[in-house]
1. Do the sum for the chain: with -39,500 (n - 2.57) for every DSSP H run of n ≥ 4, divided by all residues, what is the mean residue ellipticity at 222 nm, to the nearest 500 deg cm²/dmol?
2. I'd like the distance separating the alpha-carbon centroids of segment 135-190 and segment 9-29, in whole Å.
3. PRE reach from residue 74 (point 7 Å along Cα→Cβ): which of segment 187-214 fall under 12 Å by backbone N?
4. Could you report segment 44-181's accessible area per residue, 1.4 Å probe, as an integer in Å²?
5. Residue farthest toward the positive end of the dipole of segment 95-174, with Cβ of Lys/Arg at +1 and Asp/Glu at -1: which of 103, 127, 137?
6. Charges at C-beta only: +1 for Lys and Arg, -1 for Asp and Glu. How large is the resulting dipole of segment 23-149 about its Cα centre, in Debye rounded to 20?
7. Considering the options 48, 22, 184, tell which one lies farthest towards the positive end of the dipole of the chain, charges being +1 on Lys and Arg and -1 on Asp and Glu at the Cβ, about the Cα centre.
8. In Å, what is the Rg of the alpha-carbon atoms in the chain, and how long is Dmax?
Amino acid sequence: MLAIGGYFAFVAFLYLVQRQFVFHPRSAHPSPAAAGLPEAEEAVVDTADGARVIICQVPPRGEKPVVIYFHGNAEIVASRAERHRQLTADGIGLVALSYRGYMGSTGSPTEDGLLRDAEAAYRFTTSRFPSSPVVLWGHSLGSGVAVALAGRHPITKLILEAPFSSTVDVAAAMFPFVPVQWLMHDQFRSDQRIDAVRAPLLIMHGARDWVIPIRLGERLFTLAHEPKRFVRFPDGGHDDLDRYGAGAEVQRFIAERGQ
């Protein structure tokens with residue numbers, strides 16, 4: 001009886017604090033220059049439900065595309081300043097979204113809220129840079145946001161880094177003895193949404209990723225339409241793929257024509 005009671009108490013605890021596992025908002029708000037991206041400017045965008053989210057933008061040069069970037073659950077836009085600087089060095093544009101609750105954006109993060117934030121970022125991008133091709137890049141939690149947006153709007157290419165099939169699958173890997181599919185509020189069902197995506201797809205995943213197992217990225221890849229490419233980094237983890245050439249893979253993928 002004690003064991004049964006302890007189990008249900010643990011499940012109840014998980015249910016009550018579940019969003020603290022999924023989202024780790026950080027309030028730090030360095031300026032683009034302080035973060036190491038002095039060429040970027042910030043803009044504040046209103047979402048459909050009244051939140052105000054911060055966007056870090058670098059305009060594209062010439063006919064270059066613009067990348068809408070969705071960061072991971074424990075990051076802020078400034079966390080990837082070096083990556084963004086390398087991405088934009090040859091003229092590619094950037095719109096990096098700071099989710100609600102993160103880095104000065106108002107509100108509290110939920111799946112529905114993040115998808116509304118993404119819609120606002122897409123509207124901003126297509127209105128500010130109407131002639132530029134749009135590429136989506138989502139890392140970790142941001143992959144779920146990117147897949148959802150890519151299934152609803154025309155884009156040129158989709159890049160998913162350390163993606164999951166769903167956050168339910170991630171939680172089930174962590175807590176296989178808990179019926180998480182019945183308990184989770186924010187399930188980010190990329191496995192159900194990827195069928196609506198028709199843009200060329202690049203998935204990158206580290207074989208040593210202990211946060212989101214590579215098998216979940218492989219599962220999502222199996223469900224996706226062609227054209228698609230899966231790049232496996234044998235020594236890569238969850239946050240370190242730039243060390244193994246992820247930036248170069250992205251640059252090549254964006255530059256490719258005829259897909």
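The values are calculated or read from the model by the stated rules, or taken from the named source; none is laboratory data. None of these values were measured; they are calculated from a predicted model. A quick note on method: Cβ atoms are made from the backbone with ideal geometry, for glycine too, and the neighbour counts reach across all protein chains shown. Surface accessibility is based on the protein's heavy atoms, side chains included, excluding ligands, DNA and RNA. Shrake-Rupley method; radii C 1.70, N 1.55, O 1.52, S 1.80 Å.
1. Values: 9 runs with 93 residues, N = 259.
Only helices count here, giving -10500 deg cm²/dmol.
2. So the separation of the two Cα centres works out to 17 Å.
3. 210-212
4. Accessible area per residue, segment 44-181: 32 Å².
5. Ranked along the dipole, the leading option is 127.
6. On the way: 11 positive and 13 negative charges, 29 e Å.
Result for segment 23-149 is approximately 140 debye, rounded to the nearest 20.
7. 48
8. Reported Rg and Dmax, both Å: 18.1, 69.
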